[in-house]
Amino acid sequence: MSTIARQALTEEVRALAHAIGFNLVRFTSALPFAGLEQDVCQRIGQGLYANLPWFTPERAYMAGDIRRIVPPAQSIISLGLAYPSGNTYLPSTPGVPRGRVARYAWGRDYHRVVRRLTQRFIAELRQRFGHKEAQRGWVDTARLVERAVAARAGLGWVGKNSCLLTSEYGSWVLLAEVATDLDLEPDAPVRKTCGRCARCLPSCPTNALPAPGVLDATQCISALTIEARGAIPRTLRPKIGDWIFGCDICQEVCPVNRGKEAKIHPDLLPERGCGPSIELLPLFSLSPAAFTAQFQGTSLMRTRREGLLRNACVALGNIADPAAAPVLCTVLAQETSALVREHACWALGRISSEQLARQALAHAARSDPDLCVRQEAELSLDLGEVHS
Ligand code: B12
């Protein structure tokens with residue numbers, strides 16, 4: 001193909017992706033990502049992903065070369081979809097404690113939103129250019145390191161918080177990729193860096209960013225509130241603040257992220273999902289069916305009811321509004337999930353020294369059927385965590 005024809009094809013594909021709704025579209029070759037597999041394996045070896053059992057060296061091996069997934073791939077189309085960046089969180093008020101949701105999860109579940117767009121894009125590519133077997137698309141769940149793809153394609157650069165930062169939308173961008181056997185003109189990587197700015201590193205309450213570009217997932221509030229299935233380590237709970245699903249602190253402090261305006265896909269807007277702030281106390285009276293009805297179609301389904309209530313307990317313990325104490329006492333008496341009761345003990349211990357709270361904790365310490373709950377109740381009583 002002549003250079004001019006290749007450029008024309010590339011621009012046609014770019015225009016198509018924009019027309020479908022992607023905010024950013026760049027291209028890179030399907031050549032291997034030299035050094036990436038080793039880099040990811042080294043991080044796994046250092047225990048930085050020890051809490052994510054699915055994050056394996058085999059995954060890193062696949063990520064190192066996209067042709068291990070799509071052998072005929074010639075090019076990778078790197079796609080970005082902007083999500084809301086505003087600071088529209090409602091603060092907790094006395095009697096109405098609220099938890100924060102990370103911005104990418106305010107609207108409908110982005111996996112579905114982006115997958116739908118990607119599928120439409122691929123359908124168009126197939127219609128125009130054929131090549132049925134060699135157009136594959138992914139968002140999030142594939143064994144790719146999407147930020148590495150986006151960085152090589154020039155969509156943005158990797159910041160010290162490890163996020164992919166774009167000039168247009170900062171890091172408030174979701175990533176997706178399409179591998180294709182079309183021979184497209186690669187874009188050049190962006191030359192920008194964070195320079196001397198390192199605000200994100202000390203901003204992380206759990207020190208999950210030990211060095212520039214290095215994330216310790218075992219400490220990251222996002223992993224603790226979304227991916228962790230069991231108990232949240234006691235030492236980390238006070239640092240989680242009122243985040244109940246994900247965390248944006250290392251992005252909020254980033255100067256590149258300030259004042260970014262974008263045309264947001266309607267399904268990612270807060271009105272379409274759970275929004276930025278969730279009232280915590282009503283969550284505890286939701287039956288499993290009511291929980292599903294409220295959060296179906298949003299990313300929050302990932303934690304399931306049990307995970308979200310666990311996170312809500314941690315947030316309540318940190319907000320420390322005494323109005324939560326009666327609800328937590330009821331949780332200790334009635335909630336079927338031992339994980340939720342365990343975290344309710346912790347929260348109650350931090351909130352209230354009232355007779356009622358101490359009685360509920362003492363009762364749980366004596367007679368809860370679950371050992372972890374009994375131990376947590378004892379700790380909450382014995383370690384002087386009850387404010388006196
Ligand atoms: C596992 C995972 C997590 C884990 C671990 C995150 C991490 N930093 O590794 C947890 C649960 C903590 C997490 C949290 C979040 N995640 Co996440 N996550 C992923 C996932 C599934 C894999 C990431 C991965 O492979 N990590 C391994 C490390 C080594 O790679 P990395 O940090 O992503 O990128 C590094 C490499 O690319 C390297 N690099 C870049 N180029 C090159 C080139 C060479 C040669 C080498 C050697 C290295 C190298 O530098 C980067 C910085 O460390 C991706 C989707 C995907 N399939 O890629 C989404 C993804 C990274 N997550 C995303 C989002 C939105 C988030 C959160 C913002 C959600 C939130 N608000 O709570 C936070 C951000 C936390 C943070 N600061 O990273 C987006 C990021 C978009 C963006 N603009 O950066 C992604 C791409 C999902 C998507 N499709 O949009 N996530």
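Nothing in this text is a laboratory measurement; each read-out follows from the coordinates by a stated rule. Here the structure is a predicted model, which is why all the values come from computation and not from measurement. As a convention, Cβ positions derive from the backbone with ideal geometry for all residues, glycine included, and neighbour counts pool all protein chains shown.
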GluC sites (Glu not before Pro) in the stretch 184-280 lying in a DSSP loop, each with at most 11 other Cβ atoms within 10 Å of its Cβ, come to GLU261
Take the chain, connect every pair of alpha-carbon atoms lying under 10 Å apart with a spring to form a Gaussian network, then pick out the residue of ARG136, ARG237, ARG128 with the largest mean-square fluctuation.
-> ARG128
About the Cα centre of the stretch 280-388, what is the dipole size in debye to 20, counting +1 per Lys and Arg Cβ and -1 per Asp and Glu Cβ, all else neutral?
-> 300
When only Cα pairs under 8 Å and 6 or more residues apart are kept, what is the percent relative contact order across the chain?
-> 19
Would you mind ranking MET1, MET301 so that the residue whose beta carbon has the fewest other beta carbons within 10 Å leads the list?
-> MET1, MET301
How much mean residue ellipticity at 222 nm does the chain get from its helices, if each DSSP H run of length 4 or more adds -39500 (n - 2.57) and you divide by all residues, to the nearest 500 deg cm²/dmol?
-> -11500 deg cm²/dmol
Assuming 1.002 mPa s and 20 °C, estimate D for the stretch 280-388 with Stokes-Einstein, Rh taken as the Kirkwood radius over Cα pairs, in µm²/s.
-> 156
Along the charge dipole of the chain, Cβ charges K/R +1 and D/E -1, which of ILE221, GLY259, PRO72 sits furthest on the positive end?
-> PRO72
Everything considered on the Cα gyration tensor (a ≥ b ≥ c; rounded for a/c under 1.5, else prolate if a/b is larger than b/c, else oblate), the chain must be described as prolate
Average Cα contact separation per residue, the stretch 280-388, under 8 Å, 6 or more apart, as relative contact order % | 23
Go ahead and set up a Gaussian network model of the chain, Cα springs under 10 Å, then flag whichever of ALA105, ALA320, ALA293 fluctuates most.
-> ALA293
Selected from LEU339, VAL327, GLN296, residue furthest toward positive end of dipole (the stretch 280-388; charges at beta carbon) = GLN296
Could you list LEU155, LEU316 in order of exposure, starting from the residue whose Cβ has the fewest other Cβ atoms within 10 Å?
-> LEU155, LEU316
Rounded, prolate or oblate: pick one for the stretch 142-206, where a ≥ b ≥ c are the square roots of the eigenvalues of its C-alpha gyration tensor, a/c under 1.5 means rounded, and failing that, prolate if a/b is larger than b/c, else oblate.
-> prolate
Qualifying aspartates and glutamates (Cα of each under 16 Å from Cα of LYS263; at least 8 residues distant if same chain) = GLU168, GLU271
Across LEU31, LEU361, LEU268, the residue with the highest GNM fluctuation in the chain (Cα network, 10 Å cutoff) is LEU31
In terms of the alpha carbon gyration tensor, root eigenvalues a ≥ b ≥ c, rounded if a/c is under 1.5 and otherwise prolate when a/b exceeds b/c or oblate, the stretch 1-88 is oblate
Assigned charges on the beta-carbon of Lys, Arg, Asp, Glu; the chain dipole about Cα centre (debye) | 560
Could you state the principal axis extents of the C-alpha atoms in the stretch 132-180, from the largest down, to the nearest angstrom?
-> 37, 19, 17
Burial ordering of THR118, THR336, fewest other beta-carbon atoms within 10 Å first | THR336, THR118
Trypsin sites (Lys or Arg not before Pro) in the stretch 268-307 lying in a DSSP loop, each with at most 16 other Cβ atoms within 10 Å of its Cβ, come to none
Measure up LYS192/LYS239; LYS239/LYS260; LYS160/LYS260 against 22 Å on the Cα-Cα distance and list the ones that go over.
-> LYS192/LYS239; LYS239/LYS260
